[in-house]
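The values are calculated or read from the model by the stated rules, or taken from the named source; none is laboratory data. Predicted, not measured: the structure shown is a model, and the values here were computed from it. Neighbour counts run over all protein chains shown; Cβ positions are idealised from the backbone, glycine included. Heads up: the accessible areas ignore ligands, DNA and RNA and are worked out on the full protein's heavy atoms, side chains in. Shrake-Rupley method; radii C 1.70, N 1.55, O 1.52, S 1.80 Å.
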Amino acid sequence: MNTQSIDDQLELLRLKELFMSDIDIRSKMAMLICKDEEESSYGDFCQLTHCTPDIARMFAQQLVIDVLLTPEEIAVERERLERMKL
């Protein structure tokens, strides 16, 4: 995995963490990703989450089961990705 793909995975992990942080945020993200997916722009989703359209597309392609992570799972995955960057 190259540095860019690791950075992309870390950014996806940040979105997963945001998604799991609060039910209101989760609802907004879910509604926006569905709305923006139809328009193919992801503008509103990117504005809410401060991500790029490419990352929004990657997030939209994730299965729900892959997005639902515990704080412990997020920490382990972040540590694994950070070690890969070294």
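Per residue, the chain exposes 65 Å² of accessible surface when a 1.4 Å probe is rolled over the protein heavy atoms with every protein chain present.
How large is log10 I(q)/I(0) at q = 0.18, 0.27 Å⁻¹ when the Debye formula is applied to the Cα atoms of segment 8-49, each weighted equally and without solvent? With one equal scatterer per Cα and no solvent, log10 I(q)/I(0) is -0.48, -0.96.
Within the listed set ILE74, ILE33, ILE65, the Gaussian network model of the chain (springs between alpha-carbon atoms below 10 Å) gives the highest mean-square fluctuation for ILE65. In the chain, helical runs assigned H by DSSP with n ≥ 4 each contribute -39500 (n - 2.57); averaged across all residues and rounded to the nearest 500, the mean residue ellipticity at 222 nm is -25000 deg cm²/dmol.
Computed over the chain, the percent of Cα pairs more than 19 Å apart is 37.
Here the accessible area is traced with a 1.4 Å probe on the protein chains. For the chain, carbon and sulfur cover 56 percent of it. Computed about the Cα centre, the dipole magnitude for segment 1-62 is approximately 140 debye when only Lys and Arg (+1) and Asp and Glu (-1) carry charge, each at its Cβ.
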